[in-house]
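Below: one structure, written as structure tokens.
Bear in mind these aren't lab numbers, they're just calculated from the coordinates by the rules spelled out. Note that the coordinates shown come from a computational prediction; the quantities given were computed from them, not determined experimentally. As a convention, Cβ positions derive from the backbone with ideal geometry for all residues, glycine included, and neighbour counts pool all protein chains shown.
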Amino acid sequence: MDLIDDNNKMVLNECIEALGLILEYNLKDHPAHQHAIRVGEGCALVGEKVGLKPKTIQRLYYAGLIHDVGKISIDLNILSKKGPLNAEEFEAVKLHSVYGSRIVASLHELSDMALWVRWHHEKWDGTGYPDGLYKDELPVEIQILGAIDCFDSLQTPRMDRPAHTPDDAFNILNQYRGTHYNPDIIDLVFEMHREKTLIPGRSSEEFLQLKDKYINFPLNGSNDYFGEYYGIMGLYPILRLFARVIDAKHHYTRGHSIRVSLLSGYVAKEMGLSRDDVIKTEIAGLLHDAGKVSIPNDILNKVDKPTKKEWEIIKYHPVHSSEILKKVTPFSDISEIVYNHHRWADGRGYPEKNSPDTANIISQIIAVVDAYDAITTERPYSPAQLPSTAFKKIEERLGSQFNREAGEILINTSPKYINALIDMNVEKFYPDFNIM
Ligand SMILES: [Fe+2]
Ligand SMILES: [Fe+2]
Ligand SMILES: [Fe+2]
């Protein structure tokens with residue numbers, strides 16, 4: 001089986017949808033038809049009215065899904081603060097557009113979207129950020145994205161106010177005619193509002209038709225970069241994009257995910273797994289903790305034992321990891337692996353009890369390597385311990401928590417070899433990784 005074949009040219013589209021889900025988990029913006037999707041839909045509807053090219057309408061829709069991706073790096077306590085932000089907090093929040101553009105620009109197929117992400121808070125009269133663009137300096141896509149973002153944000157409940165009705169939201173938006181937004185664009189947003197083609201809570205018939213016409217096509221187009229390369233090599237650019245988003249939330253996961261990926265791949269190879277399974281193991285290792293974006297930093301950085309409620313939140317991260325991976329067709333098998341990465345060999349562990357024989361061997365490889373890495377690196381609740389200590393702890397739990405075969409391979413590998421393996425390969429994931 002190849003991870004990407006001719007039937008799956010939609011991989012980039014699916015990845016952006018998966019990124020949208022990561023952001024939703026991060027912001028706890030769980031309703032089915034959340035802000036980012038509505039912004040994407042509104043942009044596409046107005047984009048068609050403006051007469052944008054089909055390809056641009058499509059890209060603007062996807063830009064809508066990820067326009068706030070940079071919020072992943074902003075302190076959730078500020079983002080969810082009740083009441084107005086002070087000047088310092090506002091400056092911190094403003095950085096999300098610059099951070100977001102850097103994340104999106106890491107995949108060169110998305111470089112035009114990266115600019116839109118950077119500029120989605122620019123204003124018609126030059127008072128926006130980060131670059132203070134003025135009138136026609138704002139590309140028309142940004143004029144649309146900015147107005148729709150504002151229109152929809154007003155209809156989204158916030159900590160300091162309930163949701164405005166669509167009519168009220170439009171009246172407020174209209175007060176910015178000629179200041180924040182181009183009057184011509186405001187007119188088109190009004191037309192869309194009058195025609196009721198953007199409906200909070202679900203996609204309208206008109207949007208669904210537009211989706212079939214412009215959006216449901218491979219985003220990377222005829223020059224099918226991802227389809228040309230099979231296996232993990234072709235997926236590196238996408239994997240790096242995911243890793244960047246996840247790491248932007250929890251910096252410590254950066255080294256952790258890469259080490260778990262490389263070392264798990266090694267154990268899988270030693271166990272004689274097929275080449276495809278080794279690749280799956282490496283990808284699962286890299287993305288196993290993607291769902292941790294739903295765990296607030298305060299809980300992850302806690303020195304004391306988590307409370308019962310906090311523990312419930314922590315235990316849910318493999319479910320979120322698997323939901324994120326399920327969005328991307330070539331990763332669908334991997335979604336089950338990450339779901340079970342905290343499952344014990346004897347069926348205990350979380351998210352839910354399972355019989356031992358249903359736990360996938362790849363999940364069990366990830367589980368033992370994950371434990372090794374957690375023990376040998378510094379965590380808020382414990383200093384880094386020696387590899388020999390980790391090996392001892394793993395040995396004591398062979399057959400109960402850990403798979404015997406995978407565990408034995410790991411504890412019979414020299415820590416010098418483990419370090420060398422990681423040092424040699426780390427640049428594949430992070431060309432700029434400074435491990436020393
Ligand atoms: Fe924003
Ligand atoms: Fe985990
Ligand atoms: Fe982990």
| task | Using only alpha carbon pairs under 8 Å that are at least six residues apart, calculate the relative contact order of the stretch 231-429 and give it in whole percent. | result | 22
| field | Cα→Cβ-extended label distance, 7 Å offset, between residue 50 and residue 352, nm | value | 4.6
| said: Show me the chymotrypsin sites (Phe, Trp or Tyr not before Pro) within the stretch 97-178 that DSSP assigns to loop and that have at most 15 other Cβ atoms within 10 Å of their Cβ. | reply: 134
| message | Please report Rg (one decimal) and Dmax (integer) in Å for the Cα set of the stretch 231-429. | response | 15.6, 42
| query | Taking the radius of gyration and the Kirkwood hydrodynamic radius from Cα positions alone, what is the Rg/Rh ratio for the stretch 322-401, to two decimal places? | reply | 1.03
| Contour minus end-to-end for residue 305 and residue 395, with contour as 0.36 nm per residue of separation and end-to-end as the Cα-Cα distance? | 29.9 nm
| task | List the DSSP H helices in the chain whose Cα atoms stretch 15 Å or more along the helix axis and whose mean Kyte-Doolittle hydropathy is at least 0.0. | result | 11-27, 35-50, 54-66, 140-154, 231-249, 275-287, 361-376
| query | Once fully extended, how much extra length lies between residue 251 and residue 208, figured as 0.36 nm per residue of separation less the alpha-carbon to alpha-carbon distance? | reply | 11.6 nm
| request: Could you tell me which of the pairs 9/53; 249/292; 392/416; 9/71 are separated by over 19 angstrom between their Cα atoms in the structure shown? | output: 9/53; 9/71
| request: Would you mind giving the three semi-axes, in whole Å and largest first, of the ellipsoid equivalent to the stretch 269-371 according to its Cα gyration tensor? | output: 24, 16, 12
| said: Normalised radius of gyration for the chain, please: alpha carbon Rg relative to 2.2 N^0.38 Å, two decimal places. | reply: 1.04
| Extension gain from residue 381 to residue 336, taking 0.36 nm per residue of separation minus the Cα-Cα distance | 13.3 nm
| What FRET efficiency comes out for the pair residue 168/residue 90, r = Cβ-Cβ distance, R0 = 25 Å, nearest 0.05? | 0.55
| request: Would you mind checking which residues have amide H under 5 Å from residue 402's amide H? H placed 1.01 Å from N; only 5 or more apart, or other chain. | output: 345
| said: Given points 7 Å out from each Cα along the Cα-Cβ axis, report the residue 275 to residue 217 separation in nanometres with one decimal. | reply: 3.4
| query | What is the Rg over Rh value, at two decimals, for the stretch 31-215, using alpha-carbon atoms and the Kirkwood definition of Rh? | reply | 0.94
